[in-house]
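The values are calculated or read from the model by the stated rules, or taken from the named source; none is laboratory data. The structure displayed is predicted, hence computed values, not measured ones. Note: ideal-geometry Cβ built from the backbone for every residue, glycine included; neighbour counts use all protein chains shown. The area values use the complete protein model at the heavy-atom level, side chains included, leaving out ligands, DNA and RNA. Shrake-Rupley method; radii C 1.70, N 1.55, O 1.52, S 1.80 Å.
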Amino acid sequence: MRTPRATKMWVVTVDENGKEKDGHWVEIPKPDSLASDAFSHIERYVSRLLQSSARFTSVIIASPDQQVAVSLWQRGGVPEFTLSVQWRSEPERERAVRQFFSERGLSTSHDYLAGNGGVPDATRCLGFFLPPDVQFITTLTKDVLCRIYRLREQDALDFSFKEHHDAV
């Protein structure tokens, strides 16, 4: 049974100590759902991300059941790759992610624990700086989805692309 799609999300800014600040509701746009061979579309979304002149641009790539999701974003011309791991139940996945990005010489942009489901430190949020290179980011994204999350190139994916021209 498919979970109903969320249409709004509560977004809270968190400082370097994990202290929450100014929360607000944001609309979640309906994703572009690609039923098969979705990996072949990743490059198009990466290109759009890097070509955007918005102050902040993001693309979320997720499985239709929302059990897998990764984000690419660009703020001020600096691209990043972000993901979350349920570190208590998936310690091997967290180790694999850290090793994967370390082997590629990519430095961490953020690494913190965040709340989820009433548990204040349930989710490990990791981010990594990327070079502004379409081919590199496309290959890296495909590799993460295949090697870390065990998706296949023919699997379905949802793409949520958003430009924020007024973002800080």
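Quick notes on this one:
- Test: residue in region 90-98 that is among the charged types (D, E, K, R) and in a strand (DSSP E or B): no
- Qualifying positions in region 99-123 - open to solvent by 50 Å² or more (accessible area, probe 1.4 Å), closer than 27 Å to residue 56 by Cβ and in a helix (DSSP H, G or I): 102
- Which listed residue is of a type outside the set (Lys, Arg), part of a loop (DSSP other than H, G, I, E, B) and open to solvent by 60 Å² or more (accessible area, probe 1.4 Å), from 135, 154: 154
- Residue within region 69-84 that is out of contact with any helix residue (DSSP H, G or I) (no Cβ under 7 Å at 6 or more places or on another chain) and under 17 Å from residue 155 (Cα atoms) present: yes
- Complete set of residues in region 98-125 that are touching a Phe, Trp or Tyr at 6+ places or on another chain (Cβ under 9 Å) and within 18 Å of residue 150 (Cβ to Cβ): 101
- Among the residues making up region 57-68, those that are hydrophobic (A, V, I, L, M, F, W, C) and open to solvent by less than 10 Å² (accessible area, probe 1.4 Å) are 59, 61.
- Here is the figure for region 120-168: residues that are modelled with pLDDT of 95 or more, among the polar types (S, T, N, Q) and touching a strand residue (DSSP E or B) at 6+ places or on another chain (Cβ under 9 Å) total 1.
- Of everything listed in (1) at pLDDT below 95; (2) assigned to a strand (DSSP E or B); (3) open to solvent by less than 20 Å² (accessible area, probe 1.4 Å), the single unmet condition for residue 54 is (2).
- Evaluated against (1) crowded, with 16+ Cβ neighbours inside 10 Å; (2) farther than 26 Å from residue 114 by Cα; (3) at pLDDT 85 or above, residue 71 falls short on exactly one condition, (2).
- Residue among 93, 147 that is exposed (fewer than 13 other Cβ atoms within 10 Å of the Cβ), under 28 Å from residue 36 (Cα atoms) and in contact with a helix residue (DSSP H, G or I) (Cβ under 8 Å, 6 or more places away or on another chain): 147
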